[in-house]
Amino acid sequence: MSIQSIIVCGAGTMGSGIAQVAARYGHETFLFDLDPSALERARTQILRAWQTLVEKGHLSPVERDQASARLHFTLTAVRADLVIEAIVERLDAKIGLFQSLAPHCDGQTIFASNTSSLSIDALQHALPHPGRVAGLHFFNPAPLMKLVEVVRGAHTDPSVADALSALVRSWDKVPVSCKDAPGFIVNRVARPYYLEALRMAESGASGFASIDRIAEASGFRMGPFRLMDLIGNDINLAVTRSLYEASGNAPRFKPSPLQEGTVARGELGRKTGKGYYTYV
Ligand code: NAD
């Protein structure tokens, strides 16, 4: 199964990183967003990232120019062999996007979702070729993080999962296969890391910076508050809500009022310049 062209939908934190990798590894890549300013930000960020790689000797100027020529920024969706969606973490939005693309695609197009927590089965039910739908869950920042979860829904054709795993390997990343389950593997395992830290801060037991310092001194690459600011507090909260719902409101996944307040104030983290910390 050959994947030549890729459309990445959503030019935010994740979509821009995924498109950067796809174009770098030889795919004709279309980065699609409804918001022109998101596309402009993504263009600046990707070109800057490639320039840094050139300066460090990891990419030749010719490779940079070739990757750049393969990457197209678009306000309207186009047909491709593989669709990777990285739009808002809302099932209705993701279904709406896939359904709007499906009539322009043949039965061979693969529809992959970068969702952190939503049900791949629910996406499959809404599309004409459920076997062509899977999860392809990258981590942030996508160009650097090696792990990618390849999520099989109940109807995902094994050849589709195999093709996605092969694609991930060809991008010098490591695919981990899992079945559709709330939070898949990583987001389920990581939920207590965020929620317990939020509860601790809520109770006044300790502040964000102290909790982060202790976590980092214990070996975590990033403390929970710095990591939530990197992920985006809106995205992180959406994942918690969806796990809470999927678990039948298990108390251990109960969303945090502290995080809800942070999101309600628009303090989404690095992407808005303020979250638990302030960024200049
Ligand atoms: P983001 O808010 O940074 O970007 C989302 C982008 O999607 C925005 O630019 C928005 O304009 C665009 N968009 C919204 N609706 C659209 C539509 N219908 N068509 C085209 N574009 C549309 O979000 P993000 O952090 O990149 O997250 C995107 C997805 O990736 C979510 O499903 C999230 O759960 C998942 N994810 C996020 C992270 C993370 O660390 N942020 C990690 C892994 C997976």
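The values are calculated or read from the model by the stated rules, or taken from the named source; none is laboratory data. All of these numbers come straight from a predicted model, not from anything done at the bench. In this analysis, Cβ positions are derived from the backbone assuming ideal geometry, glycine residues included, and neighbour counts consider all displayed protein chains. Surface accessibility is based on the protein's heavy atoms, side chains included, excluding ligands, DNA and RNA. Shrake-Rupley method; radii C 1.70, N 1.55, O 1.52, S 1.80 Å.
Need pairs with beta-carbon distance below 8 Å; first residue without any contact (Cβ under 8 Å) to a residue 60 or more places away in the chain and within the range 71-82, second open to solvent by 40 Å² or more (accessible area, probe 1.4 Å) and in a loop (DSSP other than H, G, I, E, B); sequence gap 6+ or separate chains.
Leu75/Leu34
Cβ-Cβ under 6 Å, sequence separation 6+ or interchain: first residue in the range 258-272 and within 11 Å of Gly232 (Cα to Cα) and open to solvent by less than 40 Å² (accessible area, probe 1.4 Å), partner within 14 Å of the ligand (Cβ to nearest atom) and part of a loop (DSSP other than H, G, I, E, B). Which pairs?
Glu267/Gly275; Leu268/Gly232; Gly269/Gly232; Gly269/Gly275
Give Ser100, Ser116 a once-over and let me know the one that is within 10 Å of the ligand (Cβ to nearest atom), open to solvent by 50 Å² or more (accessible area, probe 1.4 Å) and of a type outside the set (D, E, K, R).
When all the criteria are applied, what remains is Ser100.
Against the condition touching a residue at least 12 places away in the same chain (Cβ under 8 Å), touching a strand residue (DSSP E or B) at 6+ places or on another chain (Cβ under 7 Å) and either aliphatic (A, V, I, L, M) or within 16 Å of the ligand (Cβ to nearest atom) (or both), how does Pro175 come out, does it pass?
yes
Taking the criterion of being modelled with pLDDT under 95 and either open to solvent by less than 70 Å² (accessible area, probe 1.4 Å) or not in a loop (DSSP other than H, G, I, E, B) (or both), would at least one residue in the range 136-155 satisfy it? Let's see the steps before the verdict.
Applying the first criterion (modelled with pLDDT under 95) to the range 136-155 yields 140.
Subsequent filtering for residues that are either open to solvent by less than 70 Å² (accessible area, probe 1.4 Å) or not in a loop (DSSP other than H, G, I, E, B) (or both) retains 140.
Yes, the range 136-155 contains at least one residue that is modelled with pLDDT under 95 and either open to solvent by less than 70 Å² (accessible area, probe 1.4 Å) or not in a loop (DSSP other than H, G, I, E, B) (or both).
Go through the range 229-246 and report how many residues are within 6 Å of the ligand (Cβ to nearest atom), open to solvent by 10 Å² or more (accessible area, probe 1.4 Å) and within 15 Å of Arg265 (Cα to Cα).
Looking only at that region, the number is 1.
Looking at the structure I just gave you, is Ala217 more than 15 Å from the ligand (Cβ to nearest atom), over 21 Å from Pro141 (Cβ atoms) and not polar (S, T, N, Q)?
yes
Given the residues Glu28, Glu55, which is the only one that is among the acidic types (Asp, Glu), open to solvent by 60 Å² or more (accessible area, probe 1.4 Å), more than 15 Å from the ligand (Cβ to nearest atom) and in contact with a helix residue (DSSP H, G or I) (Cβ under 8 Å, 6 or more places away or on another chain)? Walk me through how you get there before you give the answer.
Values: Glu55 fails: in contact with a helix residue (DSSP H, G or I) (Cβ under 8 Å, 6 or more places away or on another chain).
Glu28 is the lone residue from the list that is among the acidic types (Asp, Glu), open to solvent by 60 Å² or more (accessible area, probe 1.4 Å), more than 15 Å from the ligand (Cβ to nearest atom) and in contact with a helix residue (DSSP H, G or I) (Cβ under 8 Å, 6 or more places away or on another chain).
Kindly indicate whether any position in the range 75-89 is touching a strand residue (DSSP E or B) at 6+ places or on another chain (Cβ under 7 Å), more than 17 Å from Ile3 (Cα to Cα) and crowded, with 21+ Cβ neighbours inside 10 Å. Reasoning before the result, please.
Initially, the range 75-89 is screened for residues touching a strand residue (DSSP E or B) at 6+ places or on another chain (Cβ under 7 Å), giving 77-78, 80-87.
From what's left, more than 17 Å from Ile3 (Cα to Cα): 77, 86-87.
From what's left, crowded, with 21+ Cβ neighbours inside 10 Å: 86-87.
Yes, there is a match, as at least one residue in the range 75-89 is touching a strand residue (DSSP E or B) at 6+ places or on another chain (Cβ under 7 Å), more than 17 Å from Ile3 (Cα to Cα) and crowded, with 21+ Cβ neighbours inside 10 Å.
Please go through (1) assigned to a helix (DSSP H, G or I); (2) surrounded by fewer than 24 Cβ atoms within 10 Å (Cβ to Cβ) for Ala42 and return the number of the only condition it doesn't satisfy.
(2)
Collect the residues in the range 142-161 that are touching a residue at least 60 places away in the same chain (Cβ under 8 Å) and farther than 14 Å from Ala22 by Cα, keeping them in residue-number order.
Those that are touching a residue at least 60 places away in the same chain (Cβ under 8 Å) and farther than 14 Å from Ala22 by Cα: Ser159, Val160.
Kindly list the number of the only condition in (1) modelled with pLDDT of 95 or more; (2) surrounded by fewer than 20 Cβ atoms within 10 Å (Cβ to Cβ) that fails for Leu195.
(2)
With respect to Ile6, is the statement that it is in contact with a helix residue (DSSP H, G or I) (Cβ under 6 Å, 6 or more places away or on another chain) and either part of a loop (DSSP other than H, G, I, E, B) or not acidic (Asp, Glu) (or both) true?
yes
Would it be correct to say that Asp212 is part of a loop (DSSP other than H, G, I, E, B) and more than 17 Å from Ser116 (Cβ to Cβ)?
In short, no.
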